[in-house]
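Colleague: Let me give you the structure first, and then I'll get to my questions.
The values are calculated or read from the model by the stated rules, or taken from the named source; none is laboratory data. The model shown is predicted, which means the values in this text are computed figures rather than measured ones. Methodologically, a virtual Cβ is constructed for each residue, glycine included, from the backbone with ideal geometry; neighbour enumeration extends over all protein chains shown. In case anyone asks, the SASA skips ligands and DNA or RNA and just uses the protein heavy atoms, side chains included. Shrake-Rupley method; radii C 1.70, N 1.55, O 1.52, S 1.80 Å.
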Amino acid sequence: MVLRALLSFLAVVALLAAGPVRAAEDAVGRCQDLLPAFVKAPSRLDIQVEGTNLGQSTGVRLTWPGANGGPDEWIVCWYLPRQAESDAWQMTQLDTSKYGMLRRYDIQQLYKLLHMMEYKQQAFPANADTPWAHVLYALQQTVNGISLGCVYALIAIGFTLVYGITRVINFAFGEIYMIGAFSAFLVYVVFQAAGGSMTVGPLFVVLFGMAAIMAAYGWSMDRLVFQPLRAVQTTAPLIAAVGLALALKDSVRLLQGPKTRYMLVEELTSWPIITGHGFDVYLSKGHVFIGLMTAAIGVVLWWIHTRTSFGRCQRACAQDMRMAALIGVPINWTIGLTFALGSALVGTAGVFAAAQYGVVNFHMGTLIGFKALTAALLGGIGSLPGAAIGGFLIALTEVYTATFIGEEWKDIAVFTVLVLVLLFRPAGLLGTLATPAVGERP
């Protein structure tokens with residue numbers, strides 16, 4: 001009887017001790033994921049764990065022999081205290097013998113680098129060089145291109161909405177895209193500091209909040225910058241748009257710094273679509289979310305454009321602004337709302353890009369803005385369906401060029417399309433706008 005009670009007591013103690021052991025294994029595993037950034041195949045690996053109990057900071061030290069008989073090298077992964085066994089491990093600092101101390105942003109950059117290295121190694125296995133595998137590889141790139149095309153399409157629609165009424169290309173849209181991405185990053189940082197995660201629910205809140213803020217900013221931008229220039233020659237608003245873009249970019253650089261920021265997106269759920277044929281095709285949660293949201297935005301835009309009084313006023317201003325003013329269309333109100341709508345779309349594209357790709361910096365909007373403008377010109381600036389089609393075509397051109405020719409050629413391919421469109425089809429694929437007569441704006 002005494003022996004049975006003793007054995008039961010030892011079993012309970014073992015079960016209580018198993019929790020920290022399993023937790024330590026998870027912490028060690030996350031730390032070992034970073035090991036390929038420092039050493040490929042160590043001949044020996046010593047592991048030390050400190051502070052595995054709840055409420056304590058946990059440290060995991062990995063030590064391995066140095067190269068060429070040199071001193072041992074090591075890394076120490078530090079994790080925030082956990083309050084419950086179900087809490088996720090959050091690495092807050094990485095001490096290394098080679099590079100010194102690395103903070104959270106540097107750790108995120110390492111994770112992304114290792115993830116991309118792993119993807120490139122597994123992207124196209126050498127032993128699966130079959131025609132079917134090549135087709136599946138192209139299909140995966142098509143999925144990626146469509147996701148990127150959603151971002152380009154939203155920005156291109158923003159360009160064509162404003163140009164359709166004012167005949168002015170608002171170059172500041174690229175920086176509004178950047179501000180939208182930075183806003184998503186700031187919310188991500190707040191969630192990380194609070195111990196939460198950026199799930200779909202909070203992302204919806206960020207999305208609608210950012211759309212409202214960017215709409216207010218677009219309205220203010222029209223009222224303060226473009227409305228006073230409405231009656232002057234076309235080059236003045238164009239120069240004002242360039243100056244506004246530069247001011248926005250440098251403002252973010254001064255406020256947030258020039259450093260590139262990273263968001264961990266590796267943990268997004270992916271679902272295999274086709275497997276077992278030499279290459280596996282996956283669809284991620286980011287692909288689905290961006291695709292569905294872009295489709296929903298497209299439906300709402302169609303309804304606004306064809307079924308509301310604002311849509312009728314917008315079409316009237318695009319056809320003949322002077323005549324629209326004579327029949328009582330509120331010109332300034334219509335243009336202001338159009339700026340607000342375009343800015344909301346572009347800011348939403350920035351949130352999508354940050355959530356999907358996880359890279360944010362102060363100069364990210366410049367190149368994307370020109371690519372989206374190329375998409376609008378390709379589809380036919382002034383045509384909303386044309387802008388969307390152009391966005392997808394430009395994205396697929398970029399992705400296919402990077403995949404089958406080389407990463408360094410993708411921008412050249414996109415802007416070659418721009419040159420060809422301007423030379424051979426200036427109106428674009430679905431262009432509907434004629435060149436305005438001198439003095440058309442009231």
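Colleague: State which residue is modelled with the highest pLDDT when the search covers only segment 267-303 and only residues that are surrounded by 14 or more Cβ atoms within 10 Å (Cβ to Cβ) and assigned to a loop (DSSP other than H, G, I, E, B).
Modeller: Only one residue fits best here, namely D280.
Colleague: Somewhere in segment 173-195, is a residue over 17 Å from the mean Cα position of the chain (by Cα) and open to solvent by less than 10 Å² (accessible area, probe 1.4 Å)?
Modeller: No, every residue in segment 173-195 fails to be over 17 Å from the mean Cα position of the chain (by Cα) and open to solvent by less than 10 Å² (accessible area, probe 1.4 Å).
Colleague: Does segment 424-434 include one or more residues that are at pLDDT 85 or above, in a helix (DSSP H, G or I) and over 26 Å from L229 (Cα atoms)?
Modeller: yes
Colleague: Give just the number: which of (1) farther than 24 Å from L224 by Cβ; (2) open to solvent by 20 Å² or more (accessible area, probe 1.4 Å); (3) aromatic (F, W, Y); (4) touching a helix residue (DSSP H, G or I) at 6+ places or on another chain (Cβ under 6 Å) does F352 not satisfy?
Modeller: Here F352 meets the rest and fails (2).
Colleague: Could you pull out every one of the helices (runs of 4 or more DSSP H) wholly within segment 304-375 that has 2 or more residues that are closer than 18 Å to Y217 by Cβ and touching a Ser or Thr at 6+ places or on another chain (Cβ under 8 Å)?
Modeller: It comes to 331-357.
Colleague: Pairs only if they're at least six apart or on different chains, beta carbon under 7 angstrom, first in segment 262-281 and within 12 Å of Q356 (Cα to Cα), second at pLDDT below 70 and among the charged types (D, E, K, R); list them, first residue then second.
Modeller: Y262/K112
Colleague: Farther than 20 Å from L430 by Cα and modelled with pLDDT under 95 - does that describe any residue in segment 368-377?
Modeller: yes
Colleague: Hey, among F159, F208, F191, which residue is modelled with pLDDT under 90, more than 24 Å from P258 (Cα to Cα) and not aliphatic (A, V, I, L, M)?
Modeller: Unique residue meeting the criteria: F208.
Colleague: I'm trying to understand the selection: among the residues of segment 100-148, which are within 22 Å of G286 (Cα to Cα), at pLDDT 80 or above and among the aliphatic types (A, V, I, L, M)?
Modeller: Those that are within 22 Å of G286 (Cα to Cα), at pLDDT 80 or above and among the aliphatic types (A, V, I, L, M): L136, A138, L139, V143, I146, L148.
Colleague: What's the number of the only condition in (1) without any contact (Cβ under 8 Å) to a residue 24 or more places away in the chain; (2) buried (at least 16 other Cβ atoms within 10 Å of the Cβ); (3) closer than 19 Å to D222 by Cα that K410 fails to meet?
Modeller: Going through the list (1) without any contact (Cβ under 8 Å) to a residue 24 or more places away in the chain; (2) buried (at least 16 other Cβ atoms within 10 Å of the Cβ); (3) closer than 19 Å to D222 by Cα, K410 breaks only (3).
Colleague: To continue, here is another question. List the pairs whose first member sits in segment 91-103 and is polar (S, T, N, Q), whose second member is open to solvent by 50 Å² or more (accessible area, probe 1.4 Å) and part of a strand (DSSP E or B), and whose Cβ atoms are under 7 Å apart, counting only residues at least 6 apart or on separate chains?
Modeller: Final answer for the pair search is T92/W78; Q93/W78; Q93/M101; S97/E73; S97/W74.
Colleague: Follow-up. On the given criteria, is V414 of a type in the set (A, V, I, L, M, F, W, C), over 26 Å from A295 (Cβ atoms) and not in a loop (DSSP other than H, G, I, E, B)?
Modeller: no
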